1. Could you tell me which residue of the stretch 39-67 is surrounded by the most Cβ atoms within 10 Å (Cβ to Cβ), considering only residues that are charged (D, E, K, R) and within 30 Å of GLU96 (Cα to Cα)?
2. Pairs only if they're at least six apart or on different chains, beta carbon under 8 angstrom, first in the stretch 70-99 and among the hydrophobic types (A, V, I, L, M, F, W, C), second modelled with pLDDT under 95 and not in a helix (DSSP H, G or I); list them, first residue then second.
3. Yes or no: the stretch 79-95 includes at least one residue that is modelled with pLDDT of 80 or more and exposed (fewer than 10 other Cβ atoms within 10 Å of the Cβ).
4. Given GLN76, GLN71, GLN101, which one is more than 17 Å from LEU31 (Cα to Cα), under 21 Å from the mean Cα position of the chain (by Cα) and not aromatic (Phe, Trp, Tyr)?
5. If we scan the stretch 53-63, do we find a residue that is in contact (Cβ under 8 Å) with a residue 12 or more places away in the chain and aliphatic (A, V, I, L, M)?
6. Looking only at the stretch 62-81, decide whether some residue is assigned to a helix (DSSP H, G or I) and small (Gly, Ala, Ser).
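The values are calculated or read from the model by the stated rules, or taken from the named source; none is laboratory data. Nothing here was measured: the structure is a model prediction, and the numbers come from that model. We place every Cβ from the backbone using ideal geometry, glycine too, and count neighbours over all the protein chains shown.
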Amino acid sequence: MLQAILPSPNPSAPSALNALSSPPADQNAELRKAFDSFVGETFFAQMLKSLRQAQGKPAYFYGGPTEEIFQQQLDQVLAEKLSHTSAEKFTGPMFELFTMQRK
């Protein structure tokens, strides 16, 4: 009797419950890409910064403030490249926890 009152479900239409519980795949892919980029670049930038500070300044052939600015820019580019190539390897579990908290 209840089935006669309710319309039959349309298999081609997404259910309202599924639409609320999980974001669209393309939105999730964009979020994952932004997450990997942010976490990876932050991690690698801090790692390169620590490595540069541990070395100290050389006694000869030191370029002064200009060299420090160039090194910062180089480290930024290196962090972006490293993040692009290998961030998803260690951000996977972090992203899963992040998406679990959003639900």
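1. Keep residues of the stretch 39-67 that are charged (D, E, K, R), which gives 41, 49, 52, 57, 67.
Remaining after also requiring within 30 Å of GLU96 (Cα to Cα): 41, 49.
Values: GLU41: 18, LYS49: 14.
Filtering the stretch 39-67 for residues that are charged (D, E, K, R) and within 30 Å of GLU96 (Cα to Cα), the one surrounded by the most Cβ atoms within 10 Å (Cβ to Cβ) comes out as GLU41.
2. Pairs found: PHE70/GLY63.
3. Residues of the stretch 79-95 modelled with pLDDT of 80 or more: 79-95.
Imposing the further condition that a residue be exposed (fewer than 10 other Cβ atoms within 10 Å of the Cβ) reduces the set to 89, 93.
Among the residues of the stretch 79-95, at least one is modelled with pLDDT of 80 or more and exposed (fewer than 10 other Cβ atoms within 10 Å of the Cβ), which makes the answer yes.
4. On the way: GLN71 fails: under 21 Å from the mean Cα position of the chain (by Cα); GLN101 fails: more than 17 Å from LEU31 (Cα to Cα).
Result of the check over GLN76, GLN71, GLN101: GLN76.
5. Of all residues in the stretch 53-63, those in contact (Cβ under 8 Å) with a residue 12 or more places away in the chain come to none.
No, the stretch 53-63 contains no residue that is in contact (Cβ under 8 Å) with a residue 12 or more places away in the chain and aliphatic (A, V, I, L, M).
6. The initial filter retains those residues of the stretch 62-81 that are assigned to a helix (DSSP H, G or I), namely 65-81.
Now narrow it down to the ones that are small (Gly, Ala, Ser): 79.
For the stretch 62-81, residues assigned to a helix (DSSP H, G or I) and small (Gly, Ala, Ser): present.
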